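Down below is the structure, laid out as structure tokens.
The values are calculated or read from the model by the stated rules, or taken from the named source; none is laboratory data. None of the values given here were measured: they were computed from a predicted structure. When we count neighbours, we look across all protein chains shown, and the Cβ atoms used for this are built from the backbone with ideal geometry, even at glycine.
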Amino acid sequence: MQEHHLRSQAFTKKSRKYNSYKGTVGKVAPNRLHRRFKTDRPYQKLTVDVTELRRGDKSTEHRCYLEPVMDLYSGEILAFNISLHPTVSFALKPLHEALEALPKLPYRTTVHSDQGFQYQHHSWVRELKEHHVFQSMSRKGNCLDNAAMESFFHLLKCEKIYQHDYKSFEEVAEAAADWINDYNNYRIKEKLGGKSPVQYRLLTTEQSA
């Protein structure tokens, strides 16, 4: 690429990071992960975050919001939601879906997030307590404390958002949902032994059964 003076356009665009922090408006939990993203147990460490997906040019810019729930064991997205508004109920929907689907485990799950207002809200805290799940939060303004999810967002946007001119919210939502499905089921990773997140989870859980 250097010899032919070529440069990738997909990975050079920078965008403003969505920030849901509105001060201390509820409960701020301690950072239980401390950037220890690796785990040898499925569903032990989950991470969540909200990102902004934009469409249109600067004069007609529109925004929508994506929140996935990721299992740090394999990188699998257990549930997600896409909406025009980043409300508390928007954030709660994929969390509830992911926690309800968890199998019976001999250890407790930890859900990690930033200090966004959705995650400080009493409804979020109550949902975690009802499922006997630990809450963990990044330090204020420190995106590296949730680097695994930030990396996922970057990959999604570079491959499916930046290089496309979507005309509606429905087009963006469908494109993101299709990409997440492919990511879960077909995107192989070297650190997973050449398997996709779902393949890795199914294989390793079968071997340990």
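Only one of the numbered conditions (1) among the polar types (S, T, N, Q); (2) more than 26 Å from R41 (Cβ to Cβ); (3) exposed (fewer than 13 other Cβ atoms within 10 Å of the Cβ); (4) free of Cβ contacts under 8 Å to residues at least 40 places away in the same chain is violated by T87, and that is (3). From the list S168, S196, the lone residue that is loosely packed, with under 13 Cβ neighbours inside 10 Å and of a type in the set (S, T, N, Q) is S168. Pairing residues of the range 157-175 that are in contact (Cβ under 8 Å) with a residue 40 or more places away in the chain with residues that are aromatic (F, W, Y), at Cβ distances under 7 Å and at least 6 apart in sequence or on separate chains, gives C158/F11; E159/W179; V172/Y166. Picking from residues in the range 44-62 that are at pLDDT below 95 and among the hydroxyl-bearing types (S, T, Y), the one that is surrounded by the fewest Cβ atoms within 10 Å (Cβ to Cβ) is S59. When the range 110-154 is filtered for residues that are of a type in the set (V, I, T) and in contact with a Leu (Cβ under 6 Å, 6 or more places away or on another chain), only V111 remains.
In the range 82-90, the condition of being assigned to a strand (DSSP E or B), of a type outside the set (A, V, I, L, M, F, W, C) and closer than 18 Å to G116 by Cβ is met by at least one residue. Please specify each residue of the range 1-43 satisfying the condition of being among the small types (G, A, S) and either closer than 26 Å to E97 by Cβ or modelled with pLDDT of 95 or more (or both). If the condition is that a residue be among the small types (G, A, S) and either closer than 26 Å to E97 by Cβ or modelled with pLDDT of 95 or more (or both), then S20, G26, A29 are the ones that fit. Specify which of the listed residues (S151, S123) is farther than 20 Å from E76 by Cα and in a helix (DSSP H, G or I). Result of the check over S151, S123: S123.
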